[in-house]
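The values are calculated or read from the model by the stated rules, or taken from the named source; none is laboratory data. These numbers were taken from a predicted model, which means no experiment stands behind them. Here the Cβ positions follow ideal geometry from the backbone for every residue, glycine too, while neighbour counts run over all protein chains shown. Heavy atoms of the whole protein, side chains included, go into the accessibility calculation; ligands, DNA and RNA do not. Shrake-Rupley method; radii C 1.70, N 1.55, O 1.52, S 1.80 Å.
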Number of protein chains: 2
Amino acid sequence: MLTIGQLAAYAGVTVRAVRHYHQIGLLPEPERDESGYRRYGAMAVVSLIKIRTLANAGVPLSQIGRMLEADASTFAEAVQRIDRHLREEIERLETSRRQIAQLASGDSLVLPPEVVSYLDRLREIGVAERVVEGERDGWILLAARWPDHIREIMPEKFAQLHDPQVVWLYRILSEMSESDADDDPRLEEIADVMAAGLAEQAQTSGETDLDDMTHDDLPFELLDALALESDPRSKRLMDLMRERGWASWTRMKPLADPPGGPT
Amino acid sequence: MLTIGQLAAYAGVTVRAVRHYHQIGLLPEPERDESGYRRYGAMAVVSLIKIRTLANAGVPLSQIGRMLEADASTFAEAVQRIDRHLREEIERLETSRRQIAQLASGDSLVLPPEVVSYLDRLREIGVAERVVEGERDGWILLAARWPDHIREIMPEKFAQLHDPQVVWLYRILSEMSESDADDDPRLEEIADVMAAGLAEQAQTSGETDLDDMTHDDLPFELLDALALESDPRSKRLMDLMRERGWASWTRMKPLADPPGGPT
DNA sequence: TGGAGGGCTGACGCAGCGTCAAGGTCAAGC
DNA sequence: GCTTGACCTTGACGCTGCGTCAGCCCTCCA
């Protein structure tokens, strides 16, 4: 007959765990010897190994008891559920691996590879790191909201990098990011170029996935707030954009929808 | 500016979780508005998403704070550790899947496939289910102790099934398992055959992996105990084996080692 | 015979929140 | 203006699966 220590060592668990299983009624209390010690038979070892196998699979102790008492078909069903749960958990961990890998690569988390490529491309054409970081934080917010749509609009963003005016915008923003003047005369010029670009975009793009996104203003408000936090000149730029009839530069729609336009 | 509910919804967590992160100092408390409500900026969203990404990877909250403050190389190291941990966890879950699959297939857990085949073979040659279950429980104990060695001794067990006397033993034990007489005259005959078989085995097998195993008596004592629990006639059979100079029938060694024999 | 190394029963501690309780606040509709 | 319902506030206890004392008894070996 085994003492509790021997039993525990045999099944690869701690003495405390065995006593816990007794306490919650999962493992029946065995007979005691004259001195009050618990004495276990071999059946207890088998039970304990079964319990650990199920517990290792993530089954809550409160369910293990019912499972071991159930008939074969009920048990088989439960095992199916556990297996499905294990597969999901493995899937979750794989996803998590990919996410922290991106986190380590510097370019944030949850960002689809297309966005990471886009940010790298910005660095290649000489956009300042501070501006790239701003873009990145913006994309994080958008990606958190529409993980699926975000990948579909990236080709368009890449195409825009062939537009000299877009490149000029990134350049000028980069220069400004390196000085920290409270105001800048170039802001007006920037606002003009942006407004023109947005107008052109509104003409050509027509009905796109953007419609799904612009129903929900929260992320764009967040983008505004983020810009304001990172640089005070954002405030002035937003005002200038509003003067030109656009609700900030982070959202691609006019202040008041024109009649017949997208709602 | 966001309320706590909006922030939580955006990052896909509960309000309670956000407050918890404040409490442990993981997420800084934001400014309050006139009515005492917390008001969050966009940076908080980014921080919260980072926290969740790490927490989902299994990093304890107490470490996440330090990680986010650390410099790039320290962070990269930590990410390496996390990834290794995730891989191990996935490995563990895969193992767990295999184990509960065996558990569902009826033939216990942790049993290597060779043993499962052996048990199936016993059923094929007509060994009673109760006897097969006894074998199975015995193998569970042995497999829990020597997960590696167990596979190496299985070919020998399969070979023994070609010995008519071994088959006869299983047959007679099967018959006895279906009656529940307190004693049986055939027990003497059984003991004779077993003793002869063990003697022959001791001659031929010589130095095998068994030596590693027989250094440790605990599992064999367990096997005895298990037999005693499952059938009272086991006691009589053990006595008969001891009369013939063997320490029970579950261990394959004589009571006193012969001079010059294995220690 | 004495000391190490078990065993026994409480009882509290831990993470990471969930879930009341007992209020104060805000936006909308009547 | 008043109600209603959905939020917000702090504070506190609950949950899982044990780890880890504390204070005592038991056994085995030198």
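Before moving on, here are some points about what is shown:
- Measuring r between the beta carbons of residue A:14 and residue B:34 and using R0 = 60 Å, the FRET efficiency lands at 0.65.
- When A and B come together, around 4400 square angstrom of accessible surface is lost from both chains combined, probe 1.4 Å.
- On region B:4-95, 49 percent of the accessible area sits on carbon and sulfur atoms, based on a 1.4 Å probe.
- Residues of region B:1-45 that bury at least 50 Å² of accessible area once all protein chains are present, compared with their chain alone (1.4 Å probe, heavy atoms only, ligands and nucleic acids left out), are B:10, B:42, B:43.
- Per residue, the accessible area of region B:4-95 comes to 55 Å², computed with a 1.4 Å probe over protein heavy atoms only.
- Per residue of A:74-81, other chain Cβ atoms within 10 Å of the residue Cβ number 2 on average.
- Label-point gap, in nm, between residue B:192 and residue A:196 - each point 7 angstrom along Cα→Cβ: 11.3 nm
- Remark on residue A:246: its backbone amide H falls under 5 Å from those of A:255, a criterion applied only to residues 5 or more positions apart or on other chains, H modelled at 1.01 Å from N.
- Residue among B:8, B:75, B:56 farthest towards the positive dipole end of region B:4-95, charges placed on Cβ: B:8
- Residue separation of residue B:6 and residue B:88 scaled by 0.36 nm, minus their Cα-Cα distance, works out to 25.9 nm of gained length.
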